[in-house]
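Asks: Below is one structure. I have some questions about it.
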Ligand SMILES: Nc1ncnc2c1ncn2[C@@H]1O[C@H](COP(=O)(O)OP(=O)(O)OP(=O)(O)O)[C@@H](O)[C@H]1O
Ligand SMILES: [Mg+2]
C-alpha cells in the first residue's frame with residue numbers, strides 16, 4: 001500500500017486553545033480514510049489545516065514529499081488536495097453547469113474536462129437533469145451532491161470531506177455514501193470526516209478516532225467497527 005499524504009505532529013490552536021494537539025495520520029493511495037470523533041474533537045480544524053485555511057502551530061502535511069503547510073490554499077488545491085465545500089456554499093445564483101465549470105477553472109488539462117463532466121453527471125444523474133437550472137433551486141441533498149461534483153471537477157488526487165451527510169434525509173445519506181464508495185473505486189483517495197461513524201467505517205479501508213484533539217485509535221475500518229471502545233462511544237448498543 002503506497003502512501004500519498006502524511007500528516008505529522010499537526011497542531012492547531014485558536015488563540016490559547018489548542019484544538020488539534022499534534023496528530024499523525026497517513027492516507028494510502030486509493031483508500032478511504034475515515035476520521036471520526038465526537039462534537040468538538042477537532043475534526044474540522046484538522047481538515048482546515050490540511051486545506052491551508054488554518055495555519056498550524058506545528059507539524060507538517062506532506063504530499064509526495066512536499067510540505068503543503070508552506071503553501072497558500074489555492075496552491076494546495078492546485079497540488080491536488082481539494083476539500084468539498086459545505087453543500088450550502090455552492091453558488092446559488094449560478095446554474096448547476098456553471099458551478100461545475102468553476103470547479104474545473106484552475107485545471108491545466110482543459111481537454112479532459114468534458115470527459116470528467118460526463119463522469120460526474122453519470123455519478124449524479126439528478127445534476128445532469130438540472131444542469132441548466134439555478135443551483136439555488138436544488139434541495140439540500142442535491143446541493144451537497146453538487147458540492148462533491150464541483151470538487152471532483154478540480155480533478156483532485158486527495159478529496160477531503162467534512163460531514164457530507166450532515167442534515168440530510170436518510171435516503172439521501174445512503175446515496176451520498178454509495179457515491180463516495182463509487183468515487184473511491186475509480187482510485188481516488190478520500191479523507192472522510194463523519195459523525196455518522198458506522199456508515200463511515202463501513203466504506204473506509206482505514207479509520208482514525210480523534211478525541212479532544214488527539215488520535216486515540218487507528219486501525220482498519222472493519223476492526224474499528226468491531227472495537228468495543230468504538231462501539232461503546234460511537235455506535236450505541
Ligand atoms: N473559530 C473558532 N474559535 C475558537 N475555537 C474554536 C473555533 N472553531 C472551533 N473551535 C473549538 O475547537 C475545538 C475543535 O472544534 P472542531 O470544530 O474542529 O471540532 P469537530 O470535531 O469538527 O466538531 P463537530 O463534530 O461539532 O463538527 C472545539 O473545542 C471548538 O469549540
Ligand atoms: Mg466539524
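Asks: Please give the direction-averaged projected area of the C-alpha convex hull for region 125-237, in square nanometres with one decimal.
Replies: Working: hull surface 32.7 nm².
For region 125-237, averaging the hull's shadow over all directions gives 8.2 nm².
Asks: Please report how far the C-alpha centroid of region 20-49 lies from that of region 223-237, rounded to the nearest whole angstrom.
Replies: 18 Å
Asks: Could you tell me the extents of the chain's C-alpha atoms along the three principal axes, largest first, rounded to whole Å?
Replies: Here the spans come out as 47, 43, 37 Å, largest first.
Asks: For every helix of n ≥ 4 consecutive DSSP H residues, a contribution of -39,500 (n - 2.57) applies; sum these over the chain, divide by its total residues, and give [θ] at 222 nm rounded to the nearest 500 deg cm²/dmol. List each step's numbers first, then the result.
Replies: On the way: 9 runs with 82 residues, N = 237.
About -10000 deg cm²/dmol.
Asks: For residue 132 and residue 6, FRET efficiency with R0 = 35 Å and r from the beta-carbon atoms, rounded to 0.05? Write down the numbers at each step before the final one.
Replies: Working: r = 42 Å, r/R0 = 1.21.
FRET efficiency, residue 6 to residue 132: 0.25.
Asks: Using only Cα atoms, tell me the angle between helix 113-123 and the longest principal axis of the chain; keep it within 0 to 90° and round to the nearest 10.
Replies: 70 degrees
Asks: Please give the contour-minus-distance gain from residue 93 to residue 28: 0.36 nm per residue of separation, less the Cα-Cα distance, rounded to one decimal in nm.
Replies: On the way: separation 65, 0.36 × 65 = 23.40 nm, distance 3.77 nm.
In short, 19.6 nm is gained.
Asks: Determine which residues of region 1-22 fall in the zone a paramagnetic label at residue 64 would reach in this model, i.e. backbone nitrogen under 16 Å from the point 7 Å along Cα→Cβ.
Replies: Zone members listed by number: 2-6.
Asks: Averaging over all projection directions, find the projected area of the Cα convex hull of region 1-99 and quote it in nm² with one decimal place. Don't skip to the answer; put the middle values down first.
Replies: Working: hull surface 31.4 nm².
Convex hull of Cα atoms, orientation-averaged projection: 7.9 nm².
Asks: Starting from the Cα of residue 157, move 7 Å in the Cα-to-Cβ direction to define the label point; list residues of region 29-61 whose amide nitrogen is under 18 Å from there.
Replies: 29-33, 50-52, 60-61
Asks: Relative to the longest principal axis of the C-alpha atoms of the chain, give the angle of the C-alpha long axis of helix 170-185, reported between 0 and 90° and rounded to the nearest 10°.
Replies: Once rounded, the angle reads 90 degrees.
Asks: Still on this structure: Enter the angle in degrees (range 0 to 90, nearest 10) between the Cα long axis of helix 140-153 and the first principal axis of the Cα atoms of the chain, meaning the one along which they spread out most.
Replies: Its long axis makes an angle of about 90 degrees.
Asks: Peptides 76-85, 133-142: what's the order by average Cβ count within 10 Å, highest mean first? Each step should come with its number before you reach the end.
Replies: On the way: 76-85: 20.6, 133-142: 16.4.
Packing proxy ranking, top to bottom: 76-85, 133-142.
Asks: Treat each spin label as a single point 7 Å out from the Cα along the C-beta direction, and report the residue 106 to residue 122 distance in nm.
Replies: Placing both labels 7 Å along Cα→Cβ, they lie 2.7 nm apart.
Asks: Give the Rg (one decimal place) followed by the Dmax (whole number) of region 87-155, computed from C-alpha coordinates and expressed in Å.
Replies: Rg then Dmax for region 87-155, in Å: 10.8, 32.
Every number in this text was worked out from the coordinates using simple rules, so none of it is lab data. These figures come from a predicted structure and were not determined experimentally. No Cβ is skipped: glycine too gets one built from the backbone with ideal geometry, and neighbour counts run over all protein chains shown.
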